[in-house]
Amino acid sequence: MKKLPYGISNYEELITENYYYVDKTKNIEKLEDLAEKRILFLRPRKFGKTLFTSMISYYYDINAKNKFEKLFKNTYIGKNPTPLKNSYCILKFNFSGIDTTTAQTTVEGFKEIAKISIQGFIADYNIDFYVNDNQTAEDMLNSLLESFRVQRRGQKIYVIIDEYDHFANELLGFHTEDFKNLVSKNGKVRKWYEILKKGTETVVDRIFITGVAPITLDSLTSGFNIGKDITQDFRFNEMMGFTKEELANIMKSEQIEEKEQEKILPIMKQSYDGYKFSIDGKEKIYNSNMCSYFLNEYKAIGDVPRQLIDVNIASDYSKLGKMLDLCQGEKREEILEKTVAGEGIVSDITEKFNPAIEFTEKDMISMLFYLGYLTIAGEEFERPELKIPNQVMKNIYSDYFIEFINKIIGTEIQGDYNEIEKEIALEGKISKTVGLLHEYLEGLSNRDFQKFDEKYVKLIFYCIVKNLKVYLVKSEMEVNRKYPDLLIVPKNVEKGYNAIMIEFKYLKKGEKNKLEEKQKEAKKQIEEYSDFEEIKSIPKLKKYTVIAVNDEIFVEEII
């Protein structure tokens, strides 16, 4: 049995130390079949970008020729090698980890990474070159490429840049003016890419760049206009991340029994699946890093992990608020409200951002797509419809949404979540949760209620219960093309905890005379859902209707 990798991004280590590898090497052949040699490929955090760049480094590295059989014998490309294998000198840069506290620390960090990468390159390929600390990052690169041209006539360089935009994302979220200065016409970063472009006229043959968002591309375009962005190319939709079949193969390799798979696959699908990066993509993709975390925890403890997202992953996605703040006013609120409510947003996806001007609504929606907070769920008149991909991302939105509500009401409402969970689990009741919901509604002003509707009540309730330790909270889960508002289901049904299904309705202050009508409507929907096999199979299921009339709440248990 092979070991499950988690946090390992070095391909050689993965193969030689007997870790399981999901074979993505067929993409080498597909990339070479493209007419373009300079490729940009964007994916959200923790999707295996660094491992992929490591894999292609070993495949093309002239120094790794003697390792080819050992590293690739069990892969597609090992059995179907291309003529370009082991034919390049690899010049690799990774721009993550730069201190973006100030413009100066950013420039210094960029230069330091460039210097370290160049030093590694000259050592690996025995280049006679002196790294001059007094030179700028762009001058260092220019000097290196010229020295290589003179010393290694006939040889070519494959430049691989990982996390090209990592520091830029940080700057854009926290130090917007510094960002604009660094990628402007005279900015240090732009000049560096101009030198790289110049190198393609002599010794740089191929370039592969990964990152998360195209936020520097508009500013860099005139300096570096030779790249092909294949981010939304349907042929590469599954190049990173796991498909359903790949995940099944991992479980088979780990000898996880079918009965156990039936238990954990729905949880993994709800939590980590749902990504599609091309409107014509054939499959939805699981976040590979999150899946690896889950399976490692599951193998270690023999049960579903208490935390469905690793704290290290969560911190990478914790900057949602900063990105949303780039889009000001009611548009930001509207985007947040729609997405958390599970509504689709139909919008073209911006391929290059220009942060020198204010972000438009389209830019903001596109940024959320690139960062993995939204994904392509369908299309309308050949334009993508974007939705939250899975429960993990919905929880991150919900954290921001509840902060947003706390700011509106001017205080942070505290609840006893231990008592809330005990009441649901042991008694099958929701009175404590409803009490907390009432506190939130009481804090809202009449002006806030003017645009209030059912989805807000459901969202606040969801935000309260989403962090319950022993439950999975399913919002708008599709059952026979119908969507129960909320299902609260135990992670482990063997513990005998109660489950909850709720249907929400909302009436404005002057509509209380319609209360009975709304209660009947909600009850009818509950009864309709209750006839579905998926709902019947949930043990100890308690059913409720929750009707809010402004800040009054009426709860009825449906027996």
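The values are calculated or read from the model by the stated rules, or taken from the named source; none is laboratory data. In this text, all values refer to a predicted model and were calculated from it rather than measured experimentally. Cβ coordinates were reconstructed from backbone atoms using ideal geometry, including for glycine residues, and neighbour counts include every protein chain displayed. What goes into the accessible areas is simple: the full protein's heavy atoms, side chains included, and nothing from ligands, DNA or RNA. Shrake-Rupley method; radii C 1.70, N 1.55, O 1.52, S 1.80 Å.
For segment 10-28, what are the residues that are without any contact (Cβ under 8 Å) to a residue 60 or more places away in the chain and open to solvent by less than 20 Å² (accessible area, probe 1.4 Å)?
L14, T25, I28
Please tell me if V107 is open to solvent by less than 70 Å² (accessible area, probe 1.4 Å), in a loop (DSSP other than H, G, I, E, B), more than 23 Å from E13 (Cα to Cα) and out of contact with any strand residue (DSSP E or B) (no Cβ under 8 Å at 6 or more places or on another chain).
no
Output the residues belonging to segment 265-303 that are surrounded by 17 or more Cβ atoms within 10 Å (Cβ to Cβ) and among the β-branched types (V, I, T).
Hits for segment 265-303 are I267, I285.
Inside segment 443-480, can you point out the residues that are modelled with pLDDT under 85 and part of a helix (DSSP H, G or I)?
The answer is G443, N446, R447, D448, F449, E454, K455, Y456, L459.
Okay, residues lined up against (1) assigned to a helix (DSSP H, G or I); (2) under 34 Å from the mean Cα position of the chain (by Cα); (3) surrounded by fewer than 20 Cβ atoms within 10 Å (Cβ to Cβ):
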site: P484; (1), (2), (3): no, yes, no
site: K512; (1), (2), (3): yes, no, yes
site: L515; (1), (2), (3): yes, no, yes
site: Q519; (1), (2), (3): yes, no, yes
site: K523; (1), (2), (3): yes, no, yes
site: E534; (1), (2), (3): yes, yes, yes
site: P539; (1), (2), (3): no, yes, yes
site: V546; (1), (2), (3): no, yes, no
site: E556; (1), (2), (3): no, no, yes
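Please work out which residue is modelled with the highest pLDDT, limiting yourself to segment 146-198 and to residues that are surrounded by fewer than 18 Cβ atoms within 10 Å (Cβ to Cβ) and among the hydrophobic types (A, V, I, L, M, F, W, C).
V150
Which residues, counting only those in segment 222-277, are polar (S, T, N, Q) and farther than 20 Å from T25 by Cα? Outline the logic, then answer.
Kept after step one, since they are polar (S, T, N, Q), are these residues of segment 222-277: 222, 225, 231-232, 237, 243, 249, 253, 255, 261, 270-271.
Scanning segment 222-277 gives S222, N225, Q255, Q261, Q270, S271.
From the set of residues in segment 48-102 that are at positive phi and either loosely packed, with under 14 Cβ neighbours inside 10 Å or touching a Gly at 6+ places or on another chain (Cβ under 9 Å) (or both), which is modelled with the lowest pLDDT? Can you show your working first?
Here is the first cut: in segment 48-102, the residues at positive phi are 48, 86, 97.
With the extra rule that they be either loosely packed, with under 14 Cβ neighbours inside 10 Å or touching a Gly at 6+ places or on another chain (Cβ under 9 Å) (or both), the set shrinks to 48, 97.
Details: G48: 93, G97: 82.
For segment 48-102, the residue satisfying everything is G97.
Any residue at all in segment 18-28 that's touching a strand residue (DSSP E or B) at 6+ places or on another chain (Cβ under 6 Å) and among the aromatic types (F, W, Y)?
yes
Just give me the residues in segment 393-445 being charged (D, E, K, R), surrounded by fewer than 16 Cβ atoms within 10 Å (Cβ to Cβ) and touching a residue at least 40 places away in the same chain (Cβ under 8 Å), in sequence order.
The answer is E403, E427, E442.
Restricted to segment 229-257, and to residues that are in a helix (DSSP H, G or I) and not charged (D, E, K, R), which residue is farthest from Y286 (Cα to Cα)? I'd like the intermediate steps shown before the answer.
The initial filter retains those residues of segment 229-257 that are in a helix (DSSP H, G or I), namely 234-236, 244-253.
Next cut, not charged (D, E, K, R) only: 234, 236, 247-251, 253.
On the way: F234: 16, F236: 15, L247: 8, A248: 12, N249: 14, I250: 13, M251: 14, S253: 18 Å.
This residue is S253.
Condition test on I409, is it touching an Asp or Glu at 6+ places or on another chain (Cβ under 9 Å) and farther than 21 Å from E333 by Cβ? I'd like the intermediate steps shown before the answer.
Details: touching an Asp or Glu at 6+ places or on another chain (Cβ under 9 Å): yes; farther than 21 Å from E333 by Cβ: no.
Here the answer is no, as I409 does not meet what is asked.
Look through K429, K394 and report the one residue that is modelled with pLDDT of 80 or more, among the basic types (K, R) and in a loop (DSSP other than H, G, I, E, B).
Result of the check over K429, K394: K429.
On the basis of being assigned to a strand (DSSP E or B), open to solvent by less than 40 Å² (accessible area, probe 1.4 Å) and hydrophobic (A, V, I, L, M, F, W, C), does L31 make the cut?
No: the conditions fail for L31.
Could you check how many residues of segment 280-309 are in a loop (DSSP other than H, G, I, E, B), under 17 Å from the mean Cα position of the chain (by Cα) and among the β-branched types (V, I, T)?
Residues in segment 280-309 being in a loop (DSSP other than H, G, I, E, B), under 17 Å from the mean Cα position of the chain (by Cα) and among the β-branched types (V, I, T): 1 in total.
Among (1) open to solvent by less than 50 Å² (accessible area, probe 1.4 Å); (2) at pLDDT 80 or above; (3) outside any helix (DSSP H, G or I); (4) of a type outside the set (D, E, K, R), there is one condition G223 misses while meeting the rest; what is its number?
(2)
Name the residues in segment 371-391 that are open to solvent by less than 50 Å² (accessible area, probe 1.4 Å) and in a loop (DSSP other than H, G, I, E, B), would you?
Passing the criteria: L371, G372, Y373, L374, I388, P389, N390.
Hey, any hits in segment 122-133 for a residue that's under 23 Å from D205 (Cα atoms) and of a type in the set (S, T, N, Q)?
yes
Any idea how many residues of segment 60-77 are part of a helix (DSSP H, G or I) and closer than 13 Å to I15 by Cα?
So the answer is 6.
Return yes or no: is L308 among the aliphatic types (A, V, I, L, M) and at pLDDT 80 or above?
Yes: the conditions hold for L308.
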